[in-house]
């Protein structure tokens, strides 16, 4: 598979079956096929994935998303970039409504509480994330004038 940017790869990765396969892979082996394919297509260094299970804001049903994550001190940060689109991803809306969620990182599940980073905390996290994955600067430019890309800090429930 030498052409990671081919239309069939993108269609597969965005299909319901591809998304479900990706969730299973992250949960059981700790790697994301979709992140790997897109990182190769865009020549962005591959970030480790986590599987986020949040509660739907309207439905109350479990909603899953595979996301790259970044260190945030003792915690984990995730970015609601959605590629710089004008609106936040659904999982960000869900976390605002129901901040408690479950994540799988390195095949281990843990309960977390999401907190939207603001002010100086967000600025410091954004700088660190952009240094690790400069593609987020492109997303920030695309989103300019529409929204500030949210950065959530995931804190393990029961930890300080």
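The values are calculated or read from the model by the stated rules, or taken from the named source; none is laboratory data. Values in this document were obtained by computation on a predicted structure and should not be read as measured data. A quick note on method: Cβ atoms are made from the backbone with ideal geometry, for glycine too, and the neighbour counts reach across all protein chains shown.
Name the residues in the range 133-160 that are surrounded by 14 or more Cβ atoms within 10 Å (Cβ to Cβ) and within 30 Å of residue 109 (Cβ to Cβ), would you? Of everything in the range 133-160, those that are surrounded by 14 or more Cβ atoms within 10 Å (Cβ to Cβ) and within 30 Å of residue 109 (Cβ to Cβ) turn out to be 133, 135, 136, 139, 149, 150, 151, 152, 153, 154, 155, 156. Scanning the range 133-144 for residues being part of a loop (DSSP other than H, G, I, E, B) and at pLDDT 90 or above gives a total of 1. Determine, yes or no, whether residue 78 is part of a helix (DSSP H, G or I), at pLDDT 90 or above and touching a strand residue (DSSP E or B) at 6+ places or on another chain (Cβ under 7 Å). Here the answer is no, as residue 78 does not meet what is asked.
Taking into account only those residues within the range 63-75 that are in contact (Cβ under 8 Å) with a residue 60 or more places away in the chain and assigned to a strand (DSSP E or B), which is farthest from residue 144 (Cα to Cα)? The selected residue is 75. For the structure I just gave you, tell me whether residue 77 is under 14 Å from the mean Cα position of the chain (by Cα), closer than 15 Å to residue 158 by Cβ and surrounded by 19 or more Cβ atoms within 10 Å (Cβ to Cβ). No; evaluated as a whole, the condition is false for this residue. Within the range 84-95, the only residue that satisfies the criterion of being more than 17 Å from residue 64 (Cβ to Cβ) and not in a loop (DSSP other than H, G, I, E, B) is 84. Residue count for the range 96-132 satisfying the condition of being part of a loop (DSSP other than H, G, I, E, B), modelled with pLDDT under 95 and either touching a helix residue (DSSP H, G or I) at 6+ places or on another chain (Cβ under 9 Å) or crowded, with 19+ Cβ neighbours inside 10 Å (or both): 1. Could we say that residue 110 is over 12 Å from the mean Cα position of the chain (by Cα) and at negative phi here? The answer is yes for residue 110.
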